[in-house]
1. Take the residues in segment B:264-321 that are within 16 Å of ligand 1 (Cβ to nearest atom) and part of a strand (DSSP E or B), then tell me which one is nearest to the other protein chains (Cβ to nearest Cβ).
2. Residues that are more than 14 Å from every other protein chain (Cβ to nearest Cβ) and farther than 29 Å from B:GLY137 by Cα: list the strands (runs of 3 or more DSSP E) wholly contained in segment B:159-218 that include at least 3 such residues.
3. List every residue pair whose Cβ atoms lie under 8 Å apart, where the two residues are 6 or more positions apart in sequence or sit on different chains, the first residue falls within segment A:31-51 and is at the interface with chain B (Cβ under 8 Å from one of its Cβ atoms), and the second residue, located anywhere, is at pLDDT below 90 and crowded, with 20+ Cβ neighbours inside 10 Å.
4. Give the residues of segment A:178-201 that are of a type in the set (Gly, Ala, Ser) and in contact (Cβ under 8 Å) with a residue 40 or more places away in the chain, sorted by residue number.
5. Contact list please: Cβ distance under 8 Å, first residue in segment B:252-263 and at the interface with another protein chain (Cβ under 8 Å from one of its Cβ atoms), second residue part of a strand (DSSP E or B), pairs at least six apart or on different chains.
6. If the requirement is being touching a Leu at 6+ places or on another chain (Cβ under 8 Å), more than 8 Å from chain B (Cβ to nearest Cβ) and not polar (S, T, N, Q), which of these qualifies: A:ILE95, A:ILE59?
7. List every residue pair whose Cβ atoms lie under 9 Å apart, where the two residues are 6 or more positions apart in sequence or sit on different chains, the first residue falls within segment B:386-408 and is within 14 Å of another protein chain (Cβ to nearest Cβ), and the second residue, located anywhere, is of a type in the set (A, V, I, L, M) and within 6 Å of ligand 1 (Cβ to nearest atom).
Amino acid sequence: MSTNTAMVEKYRNNFLKEVETNVEEGEWVKMCMQCGVCAGSCPLGNAWEHPPQEIFMMIRAGKREDVLTSDSMWMCTSCYSCIVRCPRELPITHIMHGLAHYAKRLGIQPKNNPTQWFSEVFWNNMMRKGRVNELRLGLSLYFRNGFLSGIRESLKNAGLGRNLMKAKRMSPMEFFGGHGVKDASGLQKIINKAQELEAARIERHGK
Amino acid sequence: MSDIVASNETIVVVGGGISGMTSALEAAECGKQVILIEKNPSLGGRVAQLYRYFPKMCHPTCGMEINLRRAKHNRNLRILTMAEVTEVTGEAGDYSLKVALKPRFINENCTACGECEKVVEAEFDDEFNYGMSKRKGAYLPYNMAYPQRYVIDERIIGTEDAGKAKDACKYDAIDLDMQVEEIELKAGAIIWATGWQPYDAGKIQPYGYDRYENVITNVEFERMADPQGPTDGRLIRPSDGREARKVAFIQCAGSRDRNHLRHCSRICCMSSLKQTHYVREAYPEDGMVDVYYIDMRTIDRLEDFYKKVQDDEKVAFIKSKVASITKDKGDNPVLHGVDTEGGKRYETPYDMVVLATGMQPSVNRDAFPIDIVINQDGFIEPDEKNGAIFASGSAADALDVNRSVQHATAAALRAIQVVNKAAGIGV
Ligand SMILES: Cc1cc2nc3c(=O)[nH]c(=O)nc-3n(C[C@H](O)[C@H](O)[C@H](O)COP(=O)(O)OP(=O)(O)OC[C@H]3O[C@@H](n4cnc5c(N)ncnc54)[C@H](O)[C@@H]3O)c2cc1C
Ligand code: SF4
Ligand code: SF4
């Protein structure tokens, strides 16, 4: 290691290092040149507190709390507008999801953010049978604020539901279990193993 | 053309822009035999298409005039225009070249009286003005063109126009039977000064250069500012001819971008700063400019130029790579993005937008007539493997005129050392 790289290592901000180690595609963060084209290209940009360009600067400035508890990464809809325009080819979308995932692993994600709540419901729904049960997913979304508002939401969206059924995109029979993959328990084993490996990897690298 | 004498003590310079002219003149003035090969009908290159020069804001024609005078008076220098090198073989101190000479259809008798131009009817896009105006099928490339000799566009050969032109010429200068000629040359060293071309702005999809008339490039803006240019020096919108008083510049349009050119083109920050003067001089009262940038790169002493522009309160600098351009009902380009200093979103209309497009090598990496070392950006590397083939000016890197000329002089010195050795002169 040259004196230069040794110095860089010594003074490298720890949060940046933490992100590089723990966040999927995190090693790209240092490549950002703060041009701002991602911030300007995000169609949901005005709904976030910090667009990607700001998040990357905050990581480098060591603003650990502000970044990980932010709801910004959870607002990303994976439209990829930022990725196609980034002059440095940063996989921005993936970093956003990586950060969100890391925050959740640490249990400091913004608890009331609807996307993070929905992601969890979606995941649990899908894990049960290896396929998403559209009907139950829809219902759990409508009933998230209690029974009465759930009824109201459901009635409001009844037309949509009927159309989905007509187009054979949703079956009322899903309510009684629904379809799944051939070997759901096999799939669960695969996922569990992957999670185990991931956990071991994180353990190895330290937090 | 059989009267060209060349030996392994000859230096061939390819490209007659400011760099090629400098290399050729420096070597010829040192007493070396030099042949300058230019593919266009005239010398001058891209510099001739600029209105004014940074940093002194002088007119490029002035420097050109000096160089042309040097060229005219030097008997060691031979200039071939409409010529392209098609093949190079051999090694340092002993190269053979094949050169294709395209027909000009007009010989040395031409006095540039312009009678042929008057009678020809066919019109084509004027390359000199980047297609912003038309020129006739018989034309002088530009006012100061050297040689001062007209050209017949090969597209009118065989049409009635060609005959009309021939009949109009009082000096028997038009020869419609000219053919492509191929000649062979010897050379001890070759200087490659083929220069640059503007990056194709149409490839930057979100900026809509190919869709919005009032989004133009910096090279087009140079032509627009020139009193002898396509708009007689008026800064006006291509869509409706209205005065462009509120102008935005977008820096790094296609440069420093892995989707386009990876390198920093190095001159476009300075060239936009220069062009803010054009706007402010044309409209001193209410002309206003916004420059959108990632970071302004005005190297060493050029920083003073930047500071002066910053002092003008009608010129603002916004640190942001513009995300996209749309167009409103009045044909105004609207810039969208986020100001990275403060995070404010903008959606700002302008009369006209100038894209500061970058410099790309003019010769494609696969098109060199001999295998030489070229870097990832397409510029020629200084490398021993290149033998006695030396790059000069912006064929070697994105350089301004000052640095191009320095580089060109160095290339001349290297070439001189090689031919001296061939001549048995101690080095
Ligand atoms: C918008 C803009 C504004 C600028 N303003 C300034 C300024 O104010 N001040 C400044 O210092 N610099 C300025 N520059 C930079 C300047 O244009 C370059 O430094 C200069 O043109 C370099 O000269 P060159 O001779 O290396 O290349 P060129 O000017 O490109 O000349 C190359 C020559 O080679 C010829 N050629 C190409 N291929 C072949 C071939 N295969 N065979 C034979 N001949 C060939 C071409 O026809 C041309 O004549 C500006 C650039 C831009 C884009
Ligand atoms: S577009 Fe890329 S380089 Fe520009 S600010 Fe966003 S991540 Fe950074
Ligand atoms: S000189 Fe300026 S505008 Fe041109 S590529 Fe470099 S930073 Fe961008």
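1. B:TYR293
2. Hits in segment B:159-218: B:181-187, B:189-192.
3. Short answer, once both residue conditions are applied: A:ALA39/A:GLY45; A:PRO51/A:GLY45.
4. A:GLY178, A:GLY180, A:ALA184
5. Once the first residue is at the interface with another protein chain (Cβ under 8 Å from one of its Cβ atoms) and sits in segment B:252-263, its partners that are part of a strand (DSSP E or B) give B:CYS252/B:TYR293; B:CYS252/B:ALA356.
6. One residue alone meets the criteria, A:ILE59.
7. none
For (1) under 30 Å from A:THR69 (Cβ atoms); (2) among the polar types (S, T, N, Q); (3) at pLDDT 85 or above, each residue gets a yes or a no:
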{"site": "A:SER119", "(1), (2), (3)": "yes, yes, yes"}
{"site": "A:ASN133", "(1), (2), (3)": "no, yes, yes"}
{"site": "A:GLY150", "(1), (2), (3)": "yes, no, no"}
{"site": "A:MET165", "(1), (2), (3)": "no, no, no"}
{"site": "A:MET170", "(1), (2), (3)": "no, no, no"}
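The values are calculated or read from the model by the stated rules, or taken from the named source; none is laboratory data. These numbers were taken from a predicted model, which means no experiment stands behind them. Glycine also receives a Cβ, built like all others from the backbone with ideal geometry; neighbour counts cover every protein chain displayed.
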